[in-house]
Amino acid sequence: MPTFDEVLKEAGEFGRYQKRVFILLCMTGITFAFSFVSVVFLGQLPESYWCKTPEVERISKLCAWSPQEERNFTTPWKHVEKLDQSQSQCNMYDVKWNLSTSPLSCVDPLASFTNQSLNQLPLKPCNGGWVYEEYSTSIISQYNLVCSDAWKLDLTQASLNLGFLMGALTLGYAADRYGRKITYLISAFGVGLCGVVVAFAPNFYVLVFFRFLQGIFGKGTWMTCYVIVTELVGSKQRRIVGIVVQMFFTLGVMIIPGIAYLIPTWQGIQLAISLPNFLFLFYYWLIPESPRWLLIRKEKEKAIKIMNDIARENGTYLAPNYCQITVPDEEVVNPACMDLVRTPQMRKCTIILMFAWFTSAVIYQGLVMRLGIVSGSLYMDFFISAVVELPGAVLILLSIDRIGRRIPFALSNAGAGIACLITALISEDILWLKTTLATLGRLGITMAFEIVYFINTELYPTTLRNFGVSLCSGMCDLGGIIAPFLLFRLAALWVELPLIIFAILGLICGGLVMLLPETMGISLPETIEDVENLARPKKTEKKRKKDASIFI
């Protein structure tokens, strides 16, 4: 009886059917990118802000002050004796603004309430909120995430990354247990619903909780769509679909600055990036369940029906003998964490891939935060940072089917590490060279990030593919949580120390991935035994030659 890959080749490995499903699922990359980077625009820091008091507001109305005049007349300056021109954002004068007992001077209001000089006036922390001078609203001004509460903005992103991690563990398992399609649809609905709740959150903690849930469901849509498109195409097309799906993520990063620029409120931005997820519910009628998964679950009739649909839309048909597709003899079992480390080859792949995911996340996010790409408009900065990632995809497409997966994977990690190391050792006097090398490091780790996705899918069997990819990529989310602390804490000791750490991680990862089996041109493994056999052909061939030489 023919194998699934033989039937797929007969039906068309990348025909009209797969291209239609592929384009539809690529849209998930755009919406996932929205969730991933949106905090930068939702939490954009206001141009300026200062302590708010009801009495000062009344004085401002009586004197017809502009916001800038209100701040200049009533907000303390930092280190007046040193002529520091920056004003305090977290402190206010500790004076009683009593209009009923003091004549008001609109030119020098403090003289109306005290006879002390400005540098002698006591200060106290803001206790009545803040006045914000901003062109658009943000969650910072909405929930007063400034001064002693500034760390709460980081919590909103940390909660999203924690959700990604939980989604990898739970929905990755669900996709292998209950199906790719149903997991994808539930996740898409969850992302949309949680995003709407975030936009109308009554308080900060509700916002954080639903950002966490949004992360869980967002990871479900992203990883499941990636696995579906990978399982629907032939081995020769896996590399291009794997890279192009991630290019749509980059496209999302390029689009969101335009959305944020056009919409002046953070609630509007949140709704604009969340509501499109509800459109994915129409995919119930537009995308199939993975036929590979159906065969593993002993659903042969359903799998054959989908394969016939693929053949029909691709302009061909399946001969009767191709409808007798091979069904694995193994008993249907549910995925388990121990399956990822129970056998030698699976154990090696899991450990190395987890480290690769972690390394990619730490170096990528660390370099993004350190470089800043260019100074100027936040919107343009984000657009340019996304454009910088595009050459990486082109280089992968040019090399991945010519020299294999492992060498580009190893070189991209090691290249990023070497670029970070040299950048750390170059003097600040040669700024252009430091910036160029850091950008090359960003390009290298972007390539590594994109390669690890489809290598992960190629090294895990169908029974564990979604669960394994999701679990390994959970280390990416852990790296995303650690990266800011690693960058800023180590930079406080020595500004170049984070680059040294990035270099070590990249070089170690570059060496480790060379231990993975090469997957260029092979069929996707269906069982754990198939994965174990990936490293055996060379050994078997060597043994055969040795036996032949002895015989001679």
- Got a sec? Which of 69, 55, 6, 81 is open to solvent by 20 Å² or more (accessible area, probe 1.4 Å), over 30 Å from residue 195 (Cβ atoms), at pLDDT 75 or above and charged (D, E, K, R)? 6
- Task: Would you check which residues across region 506-523 are under 15 Å from residue 345 (Cβ atoms) and not in a helix (DSSP H, G or I) and list them?
- Result: 516, 517, 518, 519, 522
- Task: Return a yes/no flag: does region 540-547 have any residue that is surrounded by 16 or more Cβ atoms within 10 Å (Cβ to Cβ) and at pLDDT below 75.
- Result: no
- Note on the structure: Flagged in region 207-218 as under 17 Å from residue 249 (Cα atoms) and open to solvent by 10 Å² or more (accessible area, probe 1.4 Å), in numbering order, are 217
- Note on the structure: A careful count of residues in region 185-210 that are over 18 Å from the mean Cα position of the chain (by Cα) and in contact (Cβ under 8 Å) with a residue 60 or more places away in the chain gives 9
- Message: Let me confirm something: among 41, 22, which residue is farther than 26 Å from residue 296 by Cβ and not acidic (Asp, Glu)?
- Response: 41
- Item | Of the criteria (1) over 36 Å from the mean Cα position of the chain (by Cα); (2) exposed (fewer than 13 other Cβ atoms within 10 Å of the Cβ); (3) at pLDDT below 80, which one residue 338 fails | (1)
- Taking residue 488 as the residue in question, decide whether it is open to solvent by 10 Å² or more (accessible area, probe 1.4 Å), in a helix (DSSP H, G or I) and modelled with pLDDT under 75. yes
- Query: Just checking, which of 460, 453 is closer than 30 Å to residue 531 by Cβ, open to solvent by 10 Å² or more (accessible area, probe 1.4 Å) and of a type in the set (Ser, Thr, Tyr)?
  - Reply: 453
- When residues of region 400-438 are limited to those that are crowded, with 20+ Cβ neighbours inside 10 Å and modelled with pLDDT under 80, the one nearest to residue 514 (Cα to Cα): 400
- Note on the structure: Picking from 450, 526, 532, the residue that is at pLDDT below 85, not small (Gly, Ala, Ser) and not in a helix (DSSP H, G or I) would be 526
- Query: Which one of the conditions (1) in a helix (DSSP H, G or I); (2) modelled with pLDDT under 75; (3) more than 17 Å from the chain's Cα centre (by Cα) does residue 349 fail to meet, given that it meets all the rest?
  - Reply: (2)
- In region 186-206, anything open to solvent by 20 Å² or more (accessible area, probe 1.4 Å) and in a helix (DSSP H, G or I) is listed as 186, 189, 193, 196, 197, 205, 206
- Item | Answer residue from region 43-52, given it is assigned to a loop (DSSP other than H, G, I, E, B) and at pLDDT 75 or above and is nearest to the chain's Cα centre (by Cα) among those | 43
- Quick check, is residue 244 over 15 Å from residue 36 (Cα atoms) and not aromatic (Phe, Trp, Tyr)? yes
- Item | Any hit, region 141-150, residues being out of contact with any strand residue (DSSP E or B) (no Cβ under 7 Å at 6 or more places or on another chain), in a helix (DSSP H, G or I) and over 17 Å from residue 89 (Cα atoms) | no
- Message: Being farther than 25 Å from residue 218 by Cα and among the aromatic types (Phe, Trp, Tyr) is true for just one of 143, 135. Which residue is that?
- Response: 135
- Query: If we keep just the residues of region 166-180 that are modelled with pLDDT of 85 or more and crowded, with 19+ Cβ neighbours inside 10 Å, which is farthest from residue 211 (Cα to Cα)?
  - Reply: 179
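The values are calculated or read from the model by the stated rules, or taken from the named source; none is laboratory data. Since the structure is predicted, the reported quantities are computational estimates derived from the model, not experimental observations. Counting neighbours? That spans all protein chains shown, and the Cβs are built from the backbone with ideal geometry, glycine included. Ligands, DNA and RNA are stripped out before the accessible areas are found, and what is left, the full protein with its side chains, is counted by its heavy atoms. Shrake-Rupley method; radii C 1.70, N 1.55, O 1.52, S 1.80 Å.
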